[in-house]
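The block underneath contains the structure these notes are about, expressed in structure tokens.
The values are calculated or read from the model by the stated rules, or taken from the named source; none is laboratory data. All values reported here derive from a predicted model rather than from experimental measurement. Neighbour counts run over all protein chains shown; Cβ positions are idealised from the backbone, glycine included. What goes into the accessible areas is simple: the full protein's heavy atoms, side chains included, and nothing from ligands, DNA or RNA. Shrake-Rupley method; radii C 1.70, N 1.55, O 1.52, S 1.80 Å.
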Amino acid sequence: MTIEEERVSLREEKTALREQLVQRDELIQKQQALLCEQNALIQQQGEQMGRLSEQLKALQDRLAKDSHKSHLPPSSDRFGRKPKSLRHKSEKPSGGQAGHPGASLPFSSTPDEITQLQVERCEVCQQDLHAVAACGRERRQVVDVPTPRLVVREYQAEQKQCPVCQQITIAAFPAGVQAPVQYGPHVAATAVYLVEQQLLPLARACEVMWDLLGVHMSEGTVWELIKRCAGQLAPVEQQIKEALIESEGIHQDETGLHVEGFRHWMHVTCTPTLTHYHVDKSRGQTALSAIGILAHFTGISIHDGWGSYFLYDCEHALCLVHLLRDLVFLAEQGLVWADDLKSLLLDMKKATDQARALGKGRLCPQEVVDWEAQFLRLLDEGDQAHPRATAPPGQPGRCKQSEARNLLDRLRKQQKAVLTFLEDLRVDFDTNLAERDLRMVKVQQKVSGGFRSLAGAQAFARIRGYVSTLRKQGRPLLSSLQATLCGHPVLPSLERT
């Protein structure tokens, strides 16, 4: 091979090597790009796994919650949860306690009907005893109601013509007698009572009226009676609101209900002797302003901590049962401070109950200071166990906190409202009073499903508040509804409570 040929061969070999180097560099760049993509994918998957883990924990926490350790109602409990109450078992035996008055049928000294049962023959030898005088009598009484019978009362108004001016004068009918034929106040009050107090739907109320009283009444007639009753009670409702404003303490709560297929809220404001209901589309300040009680109230409002209540300047006290449920949930996750705080609150309740039973209005100031010091110490332990989470640099917005952290922040912010029951023995430990008043609203929803119109819901709220107030004060309901339908509603006691 000549030198020239060798030189050409070397050039070709050099060119081939350069092409190989170029291909190798391209391959390296592709692999580096692929590695970058894989690293980005791994990082993305890691972030996704973190989010999924958080979602999984949140779902597991939701499944772990039930009515005894959260604000969920008992009807939402799943998988046949065994009841577990926050109350401790009483040492008293079950059943009626010593001194309980009891309730049994008393003998009447003036029976309406007496049936004499005579002895005709001796039960041993069959001797005729008709002529033998009785040596004693054994009395037994049967208490029953007579068979219902409609009474038609006709009023005939005279018409007389004056011989002087020829004017025809007609005698006045009694108040409330307006139509040629109408139902009397007893029948009307019974229909309203069945719907508003016993929570029967209109159709079933009509069935009961027919089955028990023989009154054939349409749903439209029952609704007209309800509207008339609600209209007569408008001034009474205002008087109940004014009495609530003057009260020293009120209980407040709200629950959802459906009106015309849409979500509304039933708000309750009550004391041991007064009840007021209000239906509104809003759950918050708009509804509370429309009710018009908190804006003028200067006493203590006991509620579940819903933020809208704190927008008003009265004193506030929290329902501690709601707080205990949150602490039970955290304690079951192994948080010692939460379990200790739950026990502390129950000990506080026991101390206030004992002081109240002794007729005291307040605990000893030093005792209150000691209780509050223990409360703050447990909050400090919680702060150490659950420091505030911080967002990564550059991430906008607030960082999501754990449930324990959120609860601790809420306890710090609302400390005065949490401990009001400890400083003032007039304040109840819970809002059971308001929840009891709302319980029948939920029963109505379970029976009927909802209200067909807003007017129906508002009429229910007004009449239900009236009969609840009467029931708390031990007043008769049926006769009060009769008087209301006649235009003379019975006013409940409106003394300051």
I'd like the residue in the stretch 235-269 that is part of a helix (DSSP H, G or I) and in contact with a Leu (Cβ under 8 Å, 6 or more places away or on another chain) and, out of all such residues, is nearest to LEU318 (Cα to Cα). LEU244
Within the stretch 187-226, restricting attention to residues that are loosely packed, with under 15 Cβ neighbours inside 10 Å and touching a residue at least 24 places away in the same chain (Cβ under 8 Å), which residue is nearest to GLN444 (Cα to Cα)? LEU212
How many residues, within the stretch 190-220, are on the phi > 0 side of the Ramachandran plot and more than 26 Å from the chain's Cα centre (by Cα)? 1
From ARG426, ARG398, ARG356, residue being in a helix (DSSP H, G or I), surrounded by fewer than 19 Cβ atoms within 10 Å (Cβ to Cβ) and either basic (Lys, Arg) or without any contact (Cβ under 8 Å) to a residue 24 or more places away in the chain (or both): ARG356
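Across the stretch 359-375, what is the number of residues that are open to solvent by less than 60 Å² (accessible area, probe 1.4 Å), outside any loop (DSSP other than H, G, I, E, B) and not small (Gly, Ala, Ser)?
Of the residues in that region, 4 qualify.
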Mind checking which pairs have a first residue in the stretch 252-269 that is open to solvent by 60 Å² or more (accessible area, probe 1.4 Å) and a second that is of a type outside the set (Ser, Thr, Tyr) and not in a strand (DSSP E or B), Cβ under 6 Å, 6 or more apart or different chains? HIS258/GLY450
Of the conditions (1) open to solvent by 60 Å² or more (accessible area, probe 1.4 Å); (2) at pLDDT below 95, THR431 clears all except one; give me its number. (1)
Within the stretch 315-328, work out how many residues are closer than 19 Å to LEU244 by Cα and open to solvent by 10 Å² or more (accessible area, probe 1.4 Å). 3
So MET440 ticks every box in (1) in contact (Cβ under 8 Å) with a residue 60 or more places away in the chain; (2) under 30 Å from ASP326 (Cα atoms); (3) outside any loop (DSSP other than H, G, I, E, B); (4) open to solvent by less than 60 Å² (accessible area, probe 1.4 Å) but one. Which box is left unticked? (4)
